[in-house]
Amino acid sequence: MALTFVASITNAQEPPKPGPEHAKFKEAVGEWDATVKMMGSEMKAKASYKLDLGGFYLIEDFEGDFGGMKFSGRGTSAYCPIRKKYIMTWCDNMSPSPMIMTGSYDKSGKTMTQVGEGPNHEGKMSKFKSISTMTDKDTMTMTMFEVKDGKDNEMMSITYKRKK
């Protein structure tokens, strides 16, 4: 890992800068109230988004209380110019195994669809799909599906409202 970094620095005249794909991350930066709908329940949570590591990464910190259990998670989103895909990793206090997803925006630039793998509620690796939409500058939605037998089974949805 360190050798890749050193090689890229020595081969470059100047360090890389975030590209236009990274500009999408700025829309999410800030503090958000979240409403999570899952398994017939509705729970409140909060999320914080910030740009980090030279503007290449969007970091999400998420906290909630789900049925009396404290939940915390962290997401990292990046754009990989080599793969020409957005990549997201998710880790939380309910699983030692991360979720890793890749995807892209639709033509409007408002909706991102990602697919990947991570632990399901049974603690087994499973395929997942998420659809995230920036409805307006103060509202985002995300719907997560577990993909079983080729079918998208909705697991949860989150509506984010920017704190004012």
Exercise. Does at least one position in region 64-73 carry a residue that is closer than 21 Å to residue 42 by Cα, under 14 Å from the mean Cα position of the chain (by Cα), modelled with pLDDT of 95 or more and surrounded by 15 or more Cβ atoms within 10 Å (Cβ to Cβ)?
Worked result: yes
Problem set entry | Count of region 17-49 residues which are closer than 22 Å to residue 84 by Cα and either touching an Asp or Glu at 6+ places or on another chain (Cβ under 8 Å) or part of a helix (DSSP H, G or I) (or both) | 9
Exercise. Pairs under 8 Å by beta carbon, first residue in contact (Cβ under 8 Å) with a residue 24 or more places away in the chain in region 115-132, partner of a type in the set (Lys, Arg), six or more apart or different chains?
Worked result: 115/127; 115/129; 116/127
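Residues checked against (1) surrounded by 12 or more Cβ atoms within 10 Å (Cβ to Cβ); (2) under 14 Å from the mean Cα position of the chain (by Cα):
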| site | (1), (2) |
| --- | --- |
| 122 | no, no |
| 132 | yes, yes |
| 142 | yes, yes |
| 147 | yes, no |
| 152 | yes, no |
| 162 | yes, no |
For this session: Those residues that are in a loop (DSSP other than H, G, I, E, B) and more than 17 Å from residue 113 (Cβ to Cβ), I need them from region 149-164; list them, please.
Result: 149, 163, 164
Exercise. How many residues does region 50-61 hold that are in a strand (DSSP E or B) and either more than 17 Å from residue 139 (Cβ to Cβ) or at pLDDT below 95 (or both)?
Worked result: 7
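The values are calculated or read from the model by the stated rules, or taken from the named source; none is laboratory data. Just so it is clear, the model here is predicted, and its values are computed rather than measured. All Cβ positions, even for glycine, are placed from backbone atoms using ideal geometry, and neighbour counts span all protein chains on display.
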